[in-house]
Amino acid sequence: MSLHADDLPDVLAVTPLTSPPDVALRPPGSKSITNRALICAALAPGRSTLTGVLFADDTRAMLDAVRALGANLTLDEAARTVVVDGVDPRTASGEIRIDARQSGTTSRFILPAAALRPARGVVDGTPQLRARPFAALVVALRELGATVEDLGEAGYLPVAVTGPVAGGKVALPGHISSQYLSGLLMAGPLMAEGLTVELTSPLVSVPYVEATAAVMAAFGVPVEGLTVQPGAYRPTDFDIEPDASAASYLLAAAAVAGGRVTVEGLGTRSLQGDVRFADLLERMGARVERSADRITVTGTGELHGIDVDMADISDTAQTLAMVAVFADSPTSVRGIGFIRGKETDRIGAVVTELRRAGIEAEEDEDGFTIHPGPPQPTAFDTYEDHRMAMSLALLGLRAPGIEIRDPRCVAKTYPTYFADLARLAGA
């Protein structure tokens, strides 16, 4: 049976490992870096070549979105390459419609970019995306001079935006989503007055904003603090590193099942904050080796519970919850209340599913506490959330009888996930 997301059954049984893994894997390209690079390349008049590109549901949504902005794309999926002929959206005309599907990054990055156009642009998505908040970004764009129409419930998609957006100073909450800030910053250099953002609450997921600034700098636009001067992007050849959030599952597998897993292409030079997930595995008792472009985790057979604030690496919180099941003491995760507004309520969903498997788990306002124990045979619900499917599957590496419902949802960011998981067993 093919284990590509397109070919998976409705319910997938995870086969426990019979021996410790010893493999080296390279996850697909970073979703977050791919989507940032696509925006910057699309806004850079001229030709950019992106290599290491992730081709998955979220990035296909962005590919379609930047095409709608007027960029011309040449794709080579086998070579993981996209050639982007960018445009200046400030010269555009005619209404455009953008379907961001389930992709939060696409919708929140493309809305400010669409506001640069002196013509109407409609941004919409799936019912799941329509349930995610957009009010803070809508308010900011209005204050910066754009016209934004609510086409449904106020503060949610669908919306229509018409520019040009003048820019200047704007206040923005930081505690809901860093994607608002990243989207505004990337549109900032094409605003007539540039952009200065003043945060009204502490910023979550700081490393993602640092990654935004790094990609912008590669395309010739510096970010100073939270200020971007008026200017222009320059076409650039840009290589996209593997996805650090995706790598968390592979590294966690070594901690859970023993053995050794090396992730290639990620290391101390990574732009992504989620490489710090390996630090948490080390705190829990795994052995971690790092170099500039690889991370190796070796399971020691001992895992200890920890208390940790994961506000800056929240996409790996579900992964840590599964590792915590096999520790010798409880693990408490804090600072992630905002992930209730992701693809699903990721705090409530983790606690609900682990309890169904007989694991004691407690839900807090901004996190959860997981008590260790043997998982019982369970067919897990995944809530149309790729990270639920990928994290819960880790339990099946040690515990028999674990099944994943709707495993195809991993297509959102990691279509080959279950094929890579099978490689842990030498398959």
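Remarks
- Checking (1) 44, 26, 20; (2) 44, 22, 20; (3) 37, 22, 20 against semi-axes √(5λ) of the Cα gyration tensor in Å calculated from these atoms, the matching label is (3).
- Using θ = phi - 60° in the Karplus curve 6.51 cos²θ - 1.76 cosθ + 1.60, the 3J(HN,Hα) couplings for segment 276-291 round to 6, 4, 4, 4, 6, 4, 5, 4, 7, x, 6, 9, 10, 10, 10, 9 Hz; x is entered for Gly and Pro.
- Relative contact order for segment 31-239: 22 percent, from Cα pairs under 8 Å spaced at least 6 residues apart, divided by residue count.
- Cα→Cβ-extended label distance, 7 Å offset, between residue 192 and residue 307, nm: 5.4
- Placing +1 on each Lys and Arg Cβ and -1 on each Asp and Glu Cβ, with no other charges, gives segment 273-333 a dipole about its Cα centre of roughly 180 debye.
- By the Cα gyration tensor, segment 41-145 has an equivalent ellipsoid whose semi-axes, rounded to whole angstrom, run 23, 18, 10 from largest to smallest.
- Its relative contact order, with pairs defined as Cα atoms under 8 Å and 6+ residues apart, puts the chain at 19 percent.
- Fraction of beta bridges assigned by DSSP in segment 168-290 that are antiparallel (%, nearest 5): 40
- Computed log₁₀ I(q)/I(0) - Debye formula, equal Cα scatterers, no solvent, segment 109-170, q 0.19, 0.21, 0.24 Å⁻¹: -0.60, -0.73, -0.93
- Kirkwood-based shape ratio for segment 63-210, expressed as Rg/Rh from alpha carbons: 0.96
- Modelled FRET efficiency - R0 41 Å, residue 83 with residue 166, Cβ distances, 0.05 increments: 0.80
- Residues whose placed amide H lies under 5 Å from that of residue 168, excluding near-sequence neighbours: 193, 194, 195, 196
- If you run the Gaussian network model on the chain, springs between alpha carbon atoms under 10 Å, then out of 21, 164, 202 the most flexible one is 202.
- Positive dipole terminus of the chain, leading residue within 203, 213, 300 (C-beta point charges): 213
- Residues with amide H under 5 Å from that of residue 364, placed H, sequence gap 5 or more: 369
- Antiparallel content of DSSP bridges confined to the chain, in %, to 5: 65
- Computed extension length for residue 260-residue 75: 63.1 nm, one decimal, from 0.36 nm per residue of separation with the Cα-Cα distance subtracted.
- On Cα atoms only, tilt of 244-257 relative to the major axis of the chain in degrees: 0
- Here 387, 405, 108 are placed in order of increasing Cβ neighbour count within 10 Å, fewest first, which gives 405, 108, 387.
- Between residue 93 and residue 200, the C-beta separation translates, for a Förster distance of 41 Å, into a calculated FRET efficiency of about 0.70.
- Nearest-ten-degree value, helix 57-69 long axis tilted from longest Cα axis of the chain: 10
- Counting only alpha carbon atoms, the long axis of helix 178-187 and the longest principal axis of the chain meet at about 30°.
- Segment 197-275: projected area of the alpha-carbon convex hull, averaged over directions, in nm²: 7.0
Bear in mind these aren't lab numbers, they're just calculated from the coordinates by the rules spelled out. Quick caveat: nothing in here was measured; it's all calculated off a predicted structure. So basically every Cβ, Gly included, is an ideal-geometry build from the backbone, and we count neighbours across all protein chains shown.
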